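So the structure is just underneath, and the comments pick up after that.
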Amino acid sequence: MPLVTTKEMFEKAYNGGYAVGAFNVNNMEIVQGITEAAKDLNAPLILQVSKGARAYANHTYLIKLVEAAVIETGLPIALHLDHGDSFETCKSCIDGGFTSVMIDASSKPFEENIALTRKVVEYAHDHGVVVEAELGTLAGVEDEVNVSAENSSYTRPEDVQEFVERTGCDSLAIAIGTSHGAYKFKPGTKPQLRFDILEEVSRRLPGFPIVLHGSSSVPQEFVKIINENGGNMPGAIGVPEDQLRKAASMAVCKINIDSDLRLAMTATIRKYFNDHPDHFDPRQYLKPARAAIKDMVAHKIVDVLGCDGKA
């Protein structure tokens, strides 16, 4: 089975009341952990690569790792560019074998966002690739994305229909209260997604797939492990998983997950070295790290996304 686009995935997810997980990948162990969990649970899958991941791991290596995952699992897998910041970056990924790209012009004025998104859409569609766009701006830090709380903004439902019609994008990331990165909301607060915005957006765009970025939950067990093994992570809480599950039952067809994977991997490796300070074989500490990622992804697929058995 070759790499697929997200078009059929999202149609099934929208009608089925679940979401597909979009997991960021940077190396072989992360790809293996994610795809082994998805294979065990027969779940559709989006593997996504940021600009930073391409700079770190090299475009060709990442493509070949994902192609290997398709061979090993037999699953429908889409390869997606996360937060493409220019036409040139999107074009490079389209020409290089990606089946889906995101053009993130959300920080630009409305008309500039439309113009750049439309340019990417025209090129992508000519090459059989689908496009995710974004309206509204999430706070937080993740790779090249760095937006202060003061500069974040909720998506305006009154803008979405015009934006989608004029750009021709295939899915739309919106801002309803999620946040990039691990340092999300202070302990003691009660994060609440703006389901009123989501409902109004879906009313104005019936049947259209919506995307949530910044949807990691920041599992405290891994924060604790990191801090018990030489780290110094401040307390933080993420997006409540029950709210993500509710969003997945509505119009949200794609939920991005990155920080939770990083926390699982880093916490496992820190604990391993604390328990085995004299070990130096990468296979010894990357094997349990890969297993931790697999467990995390399995939990997300079953308990948050609801896409198990949907491949």
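Here the translational diffusion coefficient of the chain follows from Stokes-Einstein with Rh set to the Kirkwood radius across Cα pairs; for 20 °C and 1.002 mPa s it amounts to 110 µm²/s. Using 0.36 nm per residue and subtracting the Cα-Cα separation, the extra length available between residue 122 and residue 166 on full extension is 14.7 nm.
Annotation: amide H-H contacts under 5 Å for residue 4 (H modelled 1.01 Å from N, sequence separation of 5 or more, or interchain): 77, 78, 79. Using the average count of surrounding beta-carbon atoms within 10 Å as a protection proxy, the listed peptides 269-282, 220-233 rank, highest first, as 220-233, 269-282.
For the residues 200, 158, a 1.4 Å probe over the protein chains yields an accessible-area ranking, largest first, of 158, 200. Backbone geometry of segment 267-284 corresponds, through the Karplus equation with coefficients 6.51, -1.76 and 1.60 at θ = phi - 60°, to 3J(HN,Hα) couplings of 4, 5, 5, 4, 5, 4, 5, 5, 7, 9, x, 9, 7, 9, 7, x, 5, 5 Hz, x marking Gly and Pro.
Taking packing as the residue-averaged number of other Cβ atoms within 10 angstrom, the listed peptides 168-174, 78-84 run from highest to lowest as 78-84, 168-174. 3J(HN,Hα) along segment 84-89: x, 9, 7, 4, 4, 5 Hz, from the Karplus curve 6.51 cos²θ - 1.76 cosθ + 1.60 with θ = phi - 60°, whole Hz, x for Gly and Pro. Note on segment 253-311 and segment 1-36: Cα centroid distance 17 Å, given to the nearest whole angstrom. Under the rule a/c < 1.5 gives rounded, and otherwise a/b versus b/c splits prolate from oblate, where does segment 1-110 land using the Cα gyration tensor? It comes out oblate by the Cα gyration axes. In straight-distance terms, cross-link reach from residue 294 covers every one of the lysines whose alpha-carbon lies under 21 Å from its own, apart from those fewer than eight places away in the same chain; here that gives 39, 64, 224, 254, 271, 310. Which FRET efficiency value, to the nearest 0.05, is calculated for residue 228 and residue 55 with the Förster distance at 41 angstrom and r the Cβ-Cβ distance? The formula returns an efficiency of 0.80 here. Here the chain exposes an accessible surface that is 51 percent carbon and sulfur, computed with a 1.4 Å probe and the other protein chains kept in place.
In this structure residue 119 has an accessible area near 100 Å², from a 1.4 Å probe over the protein heavy atoms.
In the context of the full set of protein chains, residues of segment 1-84 present 39 Å² of accessible surface per residue (probe radius 1.4 Å, heavy atoms only).
The values are calculated or read from the model by the stated rules, or taken from the named source; none is laboratory data. Given the structure is predicted, the values throughout are model-derived calculations rather than measurements. Note that we place each Cβ from the backbone using ideal geometry, even for glycine, and neighbour counts take in every protein chain shown. To get the accessible areas, we keep the full protein, side chains included, count just its heavy atoms, and leave off ligands, DNA and RNA. Shrake-Rupley method; radii C 1.70, N 1.55, O 1.52, S 1.80 Å.
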